[in-house]
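The values are calculated or read from the model by the stated rules, or taken from the named source; none is laboratory data. Keep in mind it's a predicted model, so treat the numbers as computed, not measured. Cβ sites come from the backbone with ideal geometry, for glycine too, and all protein chains shown count toward neighbours. These area figures cover heavy atoms from the full protein model, side chains too; ligands, DNA and RNA do not enter into them. Shrake-Rupley method; radii C 1.70, N 1.55, O 1.52, S 1.80 Å.
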Amino acid sequence: MNQKTSVKTRNSKNVPITVLLLIGCITIFFPLYMTIVIAFKKPAEMTNDIMGALKLPMQWSLSNFSEAMQVTDFWHSLLNSMVITLCTVALCVLIHPLAAYAIGRNMKRHKFYKFSYMYLVSGMFVPFAILMMPEAKLTAFFHLTNWAGVIILYVVFYLPMDLMLYTGYLKNVPLSLEEAAYVDGASVWTAYWHIIFPNMKPMHATVAVLAALGAWNDVMTPLILMGGSGSNTLPLAQLNFQSQFSTNYNLAFASYLLALVPILVFYLVCQKQIISGVINGAVK
Amino acid sequence: MNRQKAKKPLGSRERSYFFILLPILILFFLFNTLPLIQGFLYSFTNFRGFGSYDWVGLRNYADLFGDGRVGNSYRFTFLFAVVSTVLVNVVSLILALGLNSKIYAKSALRGIYFVPNVLGGLVVGYIFSFFFTYILPAIGTALGIADLSSSWLARTDRAWFAIVLVAAWQSIAMNTLIYISGLQTVPSDVYEAGAIDGATGWKRFRSITLPLIMPFVTVNLVLSMKNALMVFDQIMSLTQGGPAQSTESISYLIYNNGMGGGQFGYQSANAVVFFIVIVAISVFQMKYLGSKEEQL
């Protein structure tokens, strides 16, 4: 192989693979297309054959959406979902790196911190199935069968994973940075907020993304805590909607689309950060 | 690592660290460890979720092993977990290789293939439920494929596979991204050196790429196995455990009969067994796969 051709192959793009990957995108787009088309149709347009369901609506009708919003109490559910997600993200990013800082900087010196690390991280293997029944009792006891309880549970459940990510990342933050601050008379708190916290920015993004996706889409926790309270998150509203009005597909799909759009918009806006955040988390 | 020991651990600093960690430990104990212990204790009672209850010793555990419904849920869950783990990882690895090669619109394609992961499992399940109930049978009838012409979700021998497909559709996105980040850690000069020795195509993948991304394979296999074992949303939205309890996952059975069916104590025992099984599998996977990891 001479120098010239090797340079050429290095710069040229692989067309067959690109084409295959483009074709594969159909598997992503088809379900979304189906959702949009059915959501905008009147029930009368849903003829029995497959084309009746899949072809573009004759006139794009918004009536399904207004009705679906009413039936699922959309704005209220949206507000609940947003409050839960935002609080979870904020608390995870505030509390979890603190735990990682206290543990990570002392793990080598003290058995207590080493033990705490093992104890907290092992929580990763506890399936929610074993916790859910006692958790329902416990939160009822503390009067936390509401969004506040859901947030607390998320902060506790995401701690093992986040602790692992943060302590892993903390190893890259040089100890000398804080030592310098300590020499200048800084306390642990000031050193943390002025040096450690800003230095862990990439990990904050990762943790925030994972917490946001997890909290926004979760069904189990709100179902068990707030299931009978009449107050819903977006996924919970879909669940209740489905058990009551499962016959009108156009209405149902309008409500699905309403539930998907906020997270899709969020994804489109922060796509770069989300993807690099997840990659960051994977590399550790 | 050459980490200096702090010269003289100041008392106040030590105390700060301790008081930062203490509330977090308490919170974690209260909402994770305590319920775990409670669940363990409930597993020795005949508690129905309300009213009074008695200690029944190991009876729940003894009953579990003779319970056909529980046995069924384990069979389904394991079949589901193994098939979807294999399917997800094979497809994600192929996708990742494609998305990591020199292609047009690389970042756009990566962005598109990650979309399923941001969508909620429940709603996706509802959408696919329509697809399996109406669209796929219509296609099957039109093409004259007998196997597709009736809804998979209504057939005891096919419903599980429909759930595999939906769950895979969602989790392939995350696994692909993890594999991409793994592929990016392989330095290109290793490939160049391999090319000189004649490693191209499949051989190159088998003897260079795969061994070097083994840590990522481990992460992906453990993650997807763990997630698949705990499958819930897709069951809830696609089949609710049916037809004829053929798709009842362990999580779904514990939720359904434990929370609503008055079997709080009994399903707690089921949950304890489930917990032990999950830990055992994860530890085994990490031990076995960890030993296959290689370093440059």
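Computed quantities for the displayed model
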{"item": "The stretch A:46-79: number of residues that are open to solvent by less than 30 Å² (accessible area, probe 1.4 Å) and either of a type in the set (A, V, I, L, M) or free of Cβ contacts under 8 Å to residues at least 24 places away in the same chain (or both)", "result": "7"}
{"item": "Residues (without any contact (Cβ under 8 Å) to a residue 24 or more places away in the chain and not in a helix (DSSP H, G or I)) located in the stretch B:51-94", "result": "B:GLY51, B:SER52, B:ASP54, B:TRP55, B:GLY57, B:LEU58, B:ASP67"}
{"item": "Residues being more than 7 Å from chain B (Cβ to nearest Cβ), open to solvent by less than 20 Å² (accessible area, probe 1.4 Å) and of a type outside the set (Ser, Thr, Tyr) - total across the stretch A:253-284", "result": "5"}
{"item": "Matching entry among A:ASN146, A:ASN106 (being at the interface with another protein chain (Cβ under 7 Å from one of its Cβ atoms), more than 17 Å from A:LEU210 (Cα to Cα) and of a type in the set (S, T, N, Q))", "result": "A:ASN106"}
{"item": "A:MET132 being more than 11 Å from chain B (Cβ to nearest Cβ) and either in contact with a helix residue (DSSP H, G or I) (Cβ under 7 Å, 6 or more places away or on another chain) or open to solvent by 30 Å² or more (accessible area, probe 1.4 Å) (or both)", "result": "no"}
{"item": "Out of B:SER181, B:SER171, B:SER188, sole residue that is farther than 20 Å from B:ASN220 by Cα and either of a type outside the set (Phe, Trp, Tyr) or within 11 Å of chain A (Cβ to nearest Cβ) (or both)", "result": "B:SER188"}
{"item": "Condition broken by A:PRO174, with the remaining ones in (1) open to solvent by less than 30 Å² (accessible area, probe 1.4 Å); (2) within 12 Å of chain B (Cβ to nearest Cβ) satisfied", "result": "(1)"}
{"item": "Unique residue being away from chain A (no Cβ under 14 Å) and either open to solvent by 40 Å² or more (accessible area, probe 1.4 Å) or touching a Ser or Thr at 6+ places or on another chain (Cβ under 8 Å) (or both) when the list is B:SER129, B:SER150", "result": "B:SER150"}
{"item": "Selection from the stretch A:236-252 of residues that are open to solvent by 10 Å² or more (accessible area, probe 1.4 Å) and either within 22 Å of the chain's Cα centre (by Cα) or over 20 Å from B:GLY125 (Cα atoms) (or both)", "result": "A:LEU239, A:ASN240"}
{"item": "Hits in the stretch B:118-173 (condition: part of a helix (DSSP H, G or I) and among the charged types (D, E, K, R))", "result": "B:ASP147"}
{"item": "Verdict on B:GLY258 being within 11 Å of another protein chain (Cβ to nearest Cβ) and either free of Cβ contacts under 8 Å to residues at least 24 places away in the same chain or of a type in the set (Gly, Ala, Ser) (or both)", "result": "yes"}
{"item": "Residue list for the stretch A:17-48, filter: more than 25 Å from B:GLY120 (Cα to Cα), more than 8 Å from chain B (Cβ to nearest Cβ) and among the hydroxyl-bearing types (Ser, Thr, Tyr)", "result": "A:THR47"}
{"item": "Matching residues, the stretch A:191-230, being closer than 25 Å to A:TRP75 by Cβ, more than 10 Å from chain B (Cβ to nearest Cβ) and open to solvent by less than 30 Å² (accessible area, probe 1.4 Å)", "result": "A:ALA208, A:ALA211, A:GLY214, A:ALA215, A:THR221, A:PRO222, A:LEU225, A:MET226"}
{"item": "Qualifying residues in the stretch A:271-284 (those that are of a type outside the set (D, E, K, R) and free of Cβ contacts under 8 Å to residues at least 40 places away in the same chain) - the one farthest from B:SER181 (Cα to Cα)", "result": "A:GLN271"}
{"item": "Test result for A:VAL188, buried (at least 22 other Cβ atoms within 10 Å of the Cβ) and at pLDDT below 90", "result": "yes"}
{"item": "Residue pairs meeting the criteria (Cβ under 9 Å; at least 6 apart or on separate chains; first under 20 Å from B:ALA269 (Cα atoms) and of a type outside the set (Lys, Arg), in the stretch A:115-132; second at pLDDT below 95 and not in a helix (DSSP H, G or I))", "result": "A:PRO127/B:MET230; A:PHE128/B:MET230; A:PHE128/B:PHE232; A:ALA129/B:MET230; A:ALA129/B:PHE232"}
{"item": "Subset of the stretch B:86-119 [open to solvent by less than 10 Å² (accessible area, probe 1.4 Å) and under 25 Å from A:ASN217 (Cβ atoms)]", "result": "B:VAL88, B:SER92, B:ALA96, B:LEU99, B:LEU109, B:GLY111, B:PHE114, B:PRO116, B:VAL118, B:LEU119"}
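Residues checked against (1) part of a helix (DSSP H, G or I); (2) touching a Gly at 6+ places or on another chain (Cβ under 9 Å); (3) within 12 Å of chain B (Cβ to nearest Cβ); (4) not charged (D, E, K, R):
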residue: A:MET82; (1), (2), (3), (4): yes, no, no, yes
residue: A:LEU94; (1), (2), (3), (4): yes, no, yes, yes
residue: A:TYR113; (1), (2), (3), (4): yes, yes, yes, yes
residue: A:GLY123; (1), (2), (3), (4): yes, no, yes, yes
